[in-house]
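Beneath this line is the structure, given in structure tokens, with notes to follow.
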Amino acid sequence: MTPLSSVEGADWRVWRRAFEQTALINNWNDMRGRREIYAAMEGEAARNTQDLDPMQFGNVADMLAAFEARFVPAADTKLCRAQFESARQLPNEQMTAWHARLRELFIRAFPGQAVEDSALLIDQFIKRMYDHKTAEWVINASPATYAQALATSQNVLANQLFLNGRKTDGNNKGGVSAMSDFATDEGTNAEEWDVNLLNATATCWFCKKTGHLRDDCREFKKMLEYFAGLFGVPVNQYKANRGKSRKEGKERKANKKSKKKVQTTTSPEATGN
């Protein structure tokens, strides 16, 4: 175990985290853990804790708490708790960065407390998100752990980018590209995204049900098949003609508005003649 010679609170926190990970990996029991803590103290750290006998503690957690009180003053802990309670996600801060920053504040504010299943930490992570809509989706998902809260928020954001891509490009290319860019920014591969979770937040505008988009909607496909059979054309041809007709209809509507506007501006009443 790496020795600790500093009495600074920040150095102690780093050392404690390394110790807890090492103890977990090596499966140390309480007796071995207490001995390792005491043996690792050197220099000022040893002088600061020389009156603490490892045998006076019932377990490793109690010993760590006693050492914590020596290295981290109460005022420092109070300040960290105030920082934790007031923390918010910044406008341009990645979700993973916000997740890691709040986790670090929690560890400093509440030393020794479990992180992954902390209801306080999960609640703060969700409610202090910059995007309130994303926060609402994550709240509805009721994540049980801190890691699940992050995964749910990433799925929601990826789904939003996917839908925005479909709207701008009119096909799947924009959505896939946007989702891939998001995955790259968050340090993962686009292939790692769970498609089922991604679509869980999507709403089909045709049948108004969640879990899929319009192009994957069974009712929409049945409607296309019915009218394609009615006109005696293949489904793909009817779908293409339908899209073309809708586009031409929008163009005719826009032309009518522009003509009406021109007539209004050139009328005798408008010109004052």
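The table below gives the values:
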{"item": "Residues of segment 213-226 that turn out to be at pLDDT below 80 and in contact with a helix residue (DSSP H, G or I) (Cβ under 6 Å, 6 or more places away or on another chain), as a count", "result": "1"}
{"item": "Residue that is surrounded by fewer than 15 Cβ atoms within 10 Å (Cβ to Cβ), in contact with a Gly (Cβ under 8 Å, 6 or more places away or on another chain) and part of a helix (DSSP H, G or I), where the choices are ALA61, ALA97, ALA82", "result": "ALA61"}
{"item": "Scan of segment 3-50 for residues that are under 19 Å from PRO111 (Cα atoms), assigned to a helix (DSSP H, G or I) and β-branched (Val, Ile, Thr), ordered by number", "result": "VAL14, THR22, ILE37"}
{"item": "Subset of segment 115-146 that is surrounded by 17 or more Cβ atoms within 10 Å (Cβ to Cβ) and not hydrophobic (A, V, I, L, M, F, W, C) - its residue that is modelled with the lowest pLDDT", "result": "THR134"}
{"item": "Hey, GLY33 over 30 Å from ALA149 (Cα atoms) and crowded, with 16+ Cβ neighbours inside 10 Å or not", "result": "yes"}
{"item": "Scope segment 1-17; condition among the acidic types (Asp, Glu) and at pLDDT below 75; matching residues", "result": "GLU8"}
{"item": "Residue tally, condition closer than 19 Å to ALA158 by Cβ, aromatic (Phe, Trp, Tyr) and in a helix (DSSP H, G or I), over segment 100-135", "result": "1"}
{"item": "Selection within segment 63-102 - modelled with pLDDT of 85 or more, closer than 17 Å to ALA114 by Cα and either in the same structural domain as VAL14 (by TED's automatic domain parsing) or among the aliphatic types (A, V, I, L, M) (or both)", "result": "MET63, LEU64, ALA100, LEU102"}
{"item": "Which listed residue is within 24 Å of GLN148 (Cα to Cα) and either at pLDDT 75 or above or exposed (fewer than 13 other Cβ atoms within 10 Å of the Cβ) (or both), from THR184, THR201, THR188", "result": "THR184"}
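The values are calculated or read from the model by the stated rules, or taken from the named source; none is laboratory data. Values in this document were obtained by computation on a predicted structure and should not be read as measured data. Positions of Cβ are generated from backbone atoms using ideal geometry, with glycine treated the same way; all protein chains shown enter the neighbour counts.
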